[in-house]
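Engineer: Sending over a structure as structure tokens; questions will come in a sec.
Derivation of every value follows stated rules applied to the coordinates shown; laboratory data play no part. Since the model is a prediction, treat every value here as computed from it, not as a measurement. Positions of Cβ are backbone-derived with ideal geometry, glycine not excepted, and every protein chain shown enters the neighbour counts.
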Amino acid sequence: MGPLVATRLIPNASPDSSTESTPSPLKLRPLWIGPVLVDPPILQAPMAGYTNFAYRQIVRELGGAGLLATEMVSARGFAWLADHEADHPDRLWGVADEPRPLAAQMWDNNPETLAAVGARLAHEFHVSVVDINFGCPVRDVVQKAQSGSYLLREPNRMGQIIERVVAACAPTPVTAKIRLGCSRDKINAIDIAQVVEDAGAAALTVHGRTAADMFRGSADWNLIAAIKPHLRQIPLIGNGDLDSPQKVVNAFRRYNVDGVMIARAALAKPWLFRQAAALLSGQPMPPAPSLSEERALLLRHFDLICERFGDYKGTQLMRKFACCYAQGRPGAREFRSRVGKTSVPHEFRHVVHEWFPRDLSLLTRSNNEPTRFGTE
Ligand SMILES: Cc1cc2nc3c(=O)[nH]c(=O)nc-3n(C[C@H](O)[C@H](O)[C@H](O)COP(=O)(O)O)c2cc1C
């Protein structure tokens, strides 16, 4: 465990400073996850179905994320494939070779299975961090497999799991990602945090909702902050609803977290990490890419996906990412409906070229025809 000694100096934070685009830099404690320095202390969240190698590569190229994470991997599924000498799960695409630091996340409820898979991730794949999912609220994971956020009601079992996985992965650090509790009337994140630390985890990430909330309402950052005094040594990473660089800065300013994690907003804006990192260090914020740069980024993402999954599956898979890129832009609805009907690369590229949102002011300036783009 690296030293977590530097004091956070918050320069005269005023409520108004939240909207500044270049505030004075915050003096942050360095974020160490065991021996891994996460710099900047902004993490890309695991997202099943999204944060595969292609997405991580886009995030990596844009910069600003101190630690990237895989999608959650079913430990049981991985163990089964290994027993049957089958290929590794698609969700581990790229993991063995891509740049570090990289966290791999896994889920299950069986300490032995998790320990065996954690050991492989640590010692064969050489990931930087092994993360255990204790936050997933999805029915198949919770009700059928009694895993993910189901385990928040069984702190003792969580402790056993973490102890076994820590022992199996050493010296690779093991982290836990949780929600605040199972439901609003059963919030137990402080107790859980202590269990997680006592069991030997190297960091705790908290999504500020309960499992019953799913994605409704807002993340409760006051409840995230309330955990901090109860952790003796390990860092606290806050997660939930960070969708602008200013909100990232405010999270550090107001809630005493050691790191933040961003999920959904970075699907639409993978450059958010870079912007947030600049703002956090007091640098001028890099502009968002233009819509034509964004289109080029989307097509590069598409190429990476097709290299792995082939033309047909790649196009199918990429449709949802394309919708994310267009989100909130004028014309996004039309684009979504058209891209959703593509099934081969040339159709996909054609729709992106013709229908991906454009800068309306440029369009109307360069040609006087009425635009076909509606507003979202
Ligand atoms: C499509 C989707 C997939 C997700 N998959 C995972 C996952 O595999 N593991 C995990 O710990 N959390 C997962 N999450 C939760 C996110 O990591 C994050 O905790 C949550 O979205 C809140 O952060 P945000 O407000 O920045 O999106 C997923 C969220 C979404 C929207």
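Engineer: Could you give the dipole magnitude of region 291-366 about its Cα centre, charging the beta-carbon of Lys and Arg +1 and that of Asp and Glu -1, in debye to the nearest 20?
Structural biologist: Values: 14 positive and 9 negative charges, 52 e Å.
Dipole of region 291-366, to the nearest 20 debye: 240 debye.
Engineer: For a quick check: with amide H placed at 1.01 Å from N, whose amide H comes under 5 Å from Ile33's, ignoring anything fewer than 5 positions away on the same chain?
Structural biologist: Sorted by chain and number, the residues that satisfy this are Val38.
Engineer: Same structure, new question: Please give the residues of region 36-56, grouped as numeric ranges, whose backbone N is less than 13 Å from a label point set 7 Å along the Cα-to-Cβ vector of Glu293.
Structural biologist: The answer is none, because no backbone nitrogen lies closer than 13 Å to the label point.
Engineer: Residue separation times 0.36 nm, minus the C-alpha to C-alpha distance between Glu354 and Ala167: what's the value?
Structural biologist: In short, 61.9 nm is gained.
Engineer: Still on this model: Only Lys, Arg, Asp and Glu count, each charged at its Cβ (+1, +1, -1, -1), so figure out the dipole size of the chain about its Cα centre, rounded to 20 debye.
Structural biologist: Numbers: 43 positive and 38 negative charges, 174 e Å.
The calculation lands at about 840 debye.
Engineer: Going by the alpha-carbon gyration tensor, a ≥ b ≥ c the square roots of its eigenvalues, is the chain rounded (a/c under 1.5) or, if a/c is not under 1.5, prolate (a/b greater than b/c) versus oblate?
Structural biologist: Oblate shape, in that a/c is at least 1.5 and b/c is the bigger or equal ratio.
Engineer: A further question follows. Can you compute the modelled spin-label distance between Arg232 and Asp185, with each label point 7 Å from Cα toward Cβ, in nm?
Structural biologist: Those two pseudo-labels are separated by 3.5 nm.
Engineer: For Lys27 and Gln316, calculate 0.36 nm times their separation in residues minus their Cα-Cα distance, and state this gained length in nm to one decimal.
Structural biologist: That works out to 99.6 nm of additional length.
Engineer: Let me ask you something else. So, by mean Cβ neighbours within 10 angstrom, what's the order for 90-97, 329-336, 286-293, 270-277 with the highest one leading?
Structural biologist: 270-277, 329-336, 90-97, 286-293
Engineer: I would also like to ask the following. What angle do you read, to the nearest 10 degrees and between 0 and 90, between the alpha-carbon axis of helix 53-62 and the longest principal axis of the chain?
Structural biologist: 80 degrees
Engineer: Once you've got the Cα coordinates, tell me which of Lys177/Lys341; Lys27/Lys320; Lys186/Lys228 are over 29 Å apart.
Structural biologist: Over 29 Å apart, Cα to Cα: Lys177/Lys341; Lys27/Lys320.
Engineer: Moving on. On a full-extension model of 0.36 nm per residue, what is the gain between Lys341 and Met285, subtracting their alpha-carbon distance, rounded to one decimal in nm?
Structural biologist: 16.5 nm is the gain from fully extending Lys341 to Met285.
Engineer: Using +1 at the C-beta of Lys and Arg and -1 at the C-beta of Asp and Glu, which of Ala69, Thr205, Ala265 has the Cα lying farthest in the positive direction of the dipole of the chain?
Structural biologist: Ala265
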